[in-house]
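The values are calculated or read from the model by the stated rules, or taken from the named source; none is laboratory data. Predicted model, so just to flag it, every value in this text is computed and none were measured. Here the Cβ is made from the backbone with ideal geometry for all residues, glycine too, and neighbour counts use every protein chain on show. When the accessible area is computed, the model is the full protein with side chains, heavy atoms only, and any ligands, DNA or RNA have been set aside. Shrake-Rupley method; radii C 1.70, N 1.55, O 1.52, S 1.80 Å.
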Amino acid sequence: MTMPAVLRSVRRAAARASATFFRILVIFSLLLFCWDAFWRFAVQVAPASFWFEIDRVEILPPGDVVIVWRRSHVGDLPVVSVVELLGEDGSQPCASSGRRVIERDTDRAVVPIDRLLPDCRWDALPNGAYSLMVTASLPAGSATDKSITVQSANEVLVQDGAIVGATSPAEPRP
C-alpha cells in the first residue's frame, strides 16, 4: 500500500469512529432526557405517600422533646419542613421552617422542641396548651409540592413563660 492509500484508510477509520462516537453521544443524551422527563412526570403524578410518610407527632411528657414518626420510601430524602405552634383558640404564635432529611431505614426522629421552633419566645406566650403542626414538603420541580401535614397527638403546656409539661397523647391513629 502506498502512503496516500494508508492516509485515506486512516481518515476513513477516524471518520467512522467519530460518527460512531457522535451516534452514541446522541443516543445517550436522548436516553438521559427521557429518564429525566419520566422522573419529573412520576414526581408530579405520584402522591406524597409514595415518597415519604409522617404518621404521628407526639410531645413527650416533660414537653421539651418531640417524636416525629416518619419514613422515606426512596432512601435519604431532603424535605422542606414547616413547624407551627397552634394555640387553643387557633392562633399561631410561633412558626419555623427549614430543610430536613428523612434518613433511609429510620422510622422516627427525636427532636428538642427548641430546635423545631428556635425563634419562639416562650416567655411572651399566654398560659395554655399548644399543639404542634408539622408539614413536610417534597419539592416537585414545578408549582406544586408533595406535602403531608400532621398535628401533634397531644399538647405542650406553657405556664408563666416556660414549658411545664405535656398533655397525655391521644390514642395512636391506625
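Scanning the stretch 73-113 for residues that are part of a strand (DSSP E or B) and of a type in the set (Ser, Thr, Tyr), which turns out farthest from Ser49 (Cα to Cα)? Talk me through it step by step, then tell me what you get.
Filtering the stretch 73-113 down to residues part of a strand (DSSP E or B) leaves 77-86, 94-102, 108-112.
Filter again for of a type in the set (Ser, Thr, Tyr), leaving 81, 96-97.
On the way: Ser81: 15, Ser96: 23, Ser97: 21 Å.
Restricting to residues being part of a strand (DSSP E or B) and of a type in the set (Ser, Thr, Tyr), the top hit is Ser96.
Just wondering, is there one or more residues in the stretch 123-145 that are touching a Phe, Trp or Tyr at 6+ places or on another chain (Cβ under 6 Å) and surrounded by 12 or more Cβ atoms within 10 Å (Cβ to Cβ)?
Checking the stretch 123-145: at least one residue is touching a Phe, Trp or Tyr at 6+ places or on another chain (Cβ under 6 Å) and surrounded by 12 or more Cβ atoms within 10 Å (Cβ to Cβ).
Per-residue answers, yes or no, for (1) out of contact with any Ser or Thr (no Cβ under 6 Å at 6 or more places or on another chain); (2) modelled with pLDDT under 90; (3) open to solvent by less than 40 Å² (accessible area, probe 1.4 Å); (4) aliphatic (A, V, I, L, M):
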site	(1), (2), (3), (4)
Ser81	yes, no, yes, no
Val101	yes, no, no, yes
Asp107	yes, no, no, no
Val110	yes, no, no, yes
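Within the stretch 74-81, identify whether any single residue is closer than 30 Å to Val164 by Cα and in contact with a strand residue (DSSP E or B) (Cβ under 6 Å, 6 or more places away or on another chain), and answer yes or no.
Yes, some residue in the stretch 74-81 is closer than 30 Å to Val164 by Cα and in contact with a strand residue (DSSP E or B) (Cβ under 6 Å, 6 or more places away or on another chain).
Conditions tested, residue by residue: (1) within 21 Å of Pro139 (Cα to Cα); (2) touching a residue at least 12 places away in the same chain (Cβ under 8 Å); (3) surrounded by 10 or more Cβ atoms within 10 Å (Cβ to Cβ).
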{"site": "Met3", "(1), (2), (3)": "no, no, no"}
{"site": "Arg11", "(1), (2), (3)": "no, no, yes"}
{"site": "Ala17", "(1), (2), (3)": "no, no, yes"}
{"site": "Arg23", "(1), (2), (3)": "no, no, yes"}
{"site": "Arg40", "(1), (2), (3)": "yes, yes, yes"}
{"site": "Gln44", "(1), (2), (3)": "yes, yes, yes"}
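For the stretch 46-61, indicate whether the set of residues that are within 20 Å of Pro139 (Cα to Cα), modelled with pLDDT of 90 or more and aliphatic (A, V, I, L, M) is non-empty.
Among the residues of the stretch 46-61, at least one is within 20 Å of Pro139 (Cα to Cα), modelled with pLDDT of 90 or more and aliphatic (A, V, I, L, M), which makes the answer yes.
Taking the condition among the aliphatic types (A, V, I, L, M), part of a helix (DSSP H, G or I) and closer than 27 Å to Leu138 by Cα, does Leu31 pass?
Considered against the rule, which asks whether it is among the aliphatic types (A, V, I, L, M), part of a helix (DSSP H, G or I) and closer than 27 Å to Leu138 by Cα, Leu31 comes out as yes.
Here's the yes/no breakdown for (1) surrounded by 11 or more Cβ atoms within 10 Å (Cβ to Cβ); (2) aliphatic (A, V, I, L, M); (3) in contact with a Phe, Trp or Tyr (Cβ under 8 Å, 6 or more places away or on another chain):
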| residue | (1), (2), (3) |
| --- | --- |
| Leu31 | no, yes, no |
| Cys34 | no, no, no |
| Glu53 | yes, no, no |
| Gly63 | yes, no, no |
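Can you confirm whether Ala48 is open to solvent by less than 70 Å² (accessible area, probe 1.4 Å) and farther than 24 Å from Met133 by Cβ?
For Ala48, the condition - open to solvent by less than 70 Å² (accessible area, probe 1.4 Å) and farther than 24 Å from Met133 by Cβ - is not met.
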